[in-house]
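This report refers to the structure that appears directly beneath it.
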Amino acid sequence: MPRKGQSMKMSFIESSFSVAAGYVITVCIQYWIYPLFGISIPVSDALLISVIIVLAAFIKNFSIRRLFNFIHIKGEEEPN
């Protein structure tokens with residue numbers, strides 16, 4: 001029986017797009033929201049902070065996607 005579910009490559013692509021969108025949102029939040037709270041940091045620091053947040057989000061998204069894909073495939077293999 002062929003394996004069903006999302007391929008690892010597609011999980012990677014989906015997680016990458018999700019995290020790229022998250023990066024843009026994080027940078028915008030730092031640009032527009034931080035000043036409202038009196039937080040002022042150099043742009044280079046803000047971009048580095050965003051990269052760290054995005055890498056953590058990518059690892060989380062990809063891992064959860066693969067876990068649920070594994071659970072989905074395991075569920076299909078079990079007899080009813």
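Throughout, read-outs are computed from the coordinates displayed, never taken from laboratory work. Please read these numbers as outputs of a predicted model, since none were measured by experiment. As a convention, Cβ positions derive from the backbone with ideal geometry for all residues, glycine included, and neighbour counts pool all protein chains shown.
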In degrees between 0 and 90, to the nearest 10, how far off the longest principal axis of the chain does helix 43-77 point, with axes built from Cα atoms?
10 degrees
Summing -39500 (n - 2.57) over every DSSP H run of at least 4 in the chain, dividing by its residue total and rounding to the nearest 500, the 222 nm mean residue ellipticity is -27000 deg cm²/dmol
Once you put a point 7 Å from the Cα of F68 and another 7 Å from the Cα of D45, both along the Cβ direction, what distance in nm separates them?
3.6 nm
What do you get for the angle between helix 8-32 and the principal long axis of the chain? Use alpha-carbon atoms, 0 to 90 degrees, nearest ten.
20 degrees
Using a Gaussian network for the chain with springs between C-alpha atoms less than 10 Å apart, which of these wobbles most: I33, I13, I64?
I33
Which residue, A46, A20, A57, tops the fluctuation ranking in a GNM of the chain built on C-alpha contacts under 10 Å?
A46
